[in-house]
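Q: Provided herewith is a single structure, encoded as structure tokens, for subsequent inquiry.
The numbers here are math on the coordinates, done by the rules we state, and not lab data. Quantities reported herein were computed from a predicted structural model and do not represent experimental measurements. Here Cβ is always computed from backbone atoms with ideal geometry, including for glycine, and neighbour counts include all displayed protein chains.
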Amino acid sequence: MADDHTPPPSPFKTGIAGRCPRCGEGKLFEGFLKVRPRCNACGLDFSFADSADGPAVFIMLIAGFAVLGAALYVEIAYEPPIWLHMVIWLPLAVIVCLALLRPMKGLAVALQYAHKAEEGRRET
């Protein structure tokens, strides 16, 4: 007898794409970072989704390392004036952070769903 059960979509693919972690079809976000109340394709309730500050912290670490490393290299190799550093590196840091924030938040929500993570509760 053939099994009609299809495996769930990859949380990495659905999260980074901003899709529903259960069906992979519906949109996860309403705006830039606001999570929808429910999936418009399968009806999954997204109230479990609470990524908190996790994605932002990882992005600041990653972007800070990359942008600061590049800025230090340019400073040592070429010694440009400080205003040129400000013109290059501040916008680059903002762009890198904003470009990574939505996919990382989607990934955090998809992994929460895949691992059935929820808020801790005290036993009574």
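Q: So if I take the alpha carbon set of the chain, get Rg, then get Rh from the Kirkwood formula, what is the Rg over Rh ratio?
A: Ratio of gyration radius to Kirkwood radius: 1.16.
Q: Still on this structure: Below 8 Å between Cα atoms, with a sequence gap of 6+, how large is the relative contact order for the chain in percent?
A: Numbers: 128 pairs, mean separation 44.1, N = 124.
Relative CO of the chain lands at 36 percent.
Q: Can you list residues whose amide H is under 5 Å from F29's amide H, if they're 5+ apart or on another chain and H is modeled 1.01 Å from N?
A: R36
Q: Residue by residue, what Karplus-based ³J(HN,Hα) values in Hz, rounded to whole numbers, does the range 67-82 have, using 6.51, -1.76 and 1.60 with θ = phi - 60° and x for Gly and Pro?
A: 5, 5, x, 5, 5, 5, 4, 5, 5, 5, 6, 10, 6, x, x, 4
Q: Here is a follow-up. Excluding same-chain pairs closer than 8 in sequence, count the lysine pairs in the chain whose Cα atoms lie under 14 Å apart. Write out the running numbers ahead of the final one.
A: Details: K13/K27; K13/K105; K27/K105; K34/K105.
So the count works out to 4.
Q: Spin-label point model (7 Å from Cα, Cβ direction): what's the K27 to I88 distance in nm?
A: 3.8 nm
Q: A further question on this structure: For the range 1-46, what does the relative contact order come out to in percent, with C-alpha contacts under 8 Å and a separation of six or more?
A: Computed value for the range 1-46: 24 percent relative contact order.
Q: Let me ask something else about it. Note down the nm distance, to one decimal, between modelled labels 7 Å out along Cα→Cβ at H5 and at E75.
A: Placing both labels 7 Å along Cα→Cβ, they lie 5.6 nm apart.
Q: Pop out the ³J(HN,Hα) list for the range 31-39 in order, Karplus 6.51 cos²θ - 1.76 cosθ + 1.60 with θ = phi - 60°, rounded to Hz; leave Gly and Pro as x.
A: Calculated HN-Hα couplings, in order: x, 6, 10, 7, 7, 4, x, 7, 6 Hz.
Q: Now for a different question. Between A49, A77, A114, where does the largest GNM mean-square fluctuation fall for the chain, given springs only between Cα atoms within less than 10 Å?
A: Fluctuation is largest for A77.
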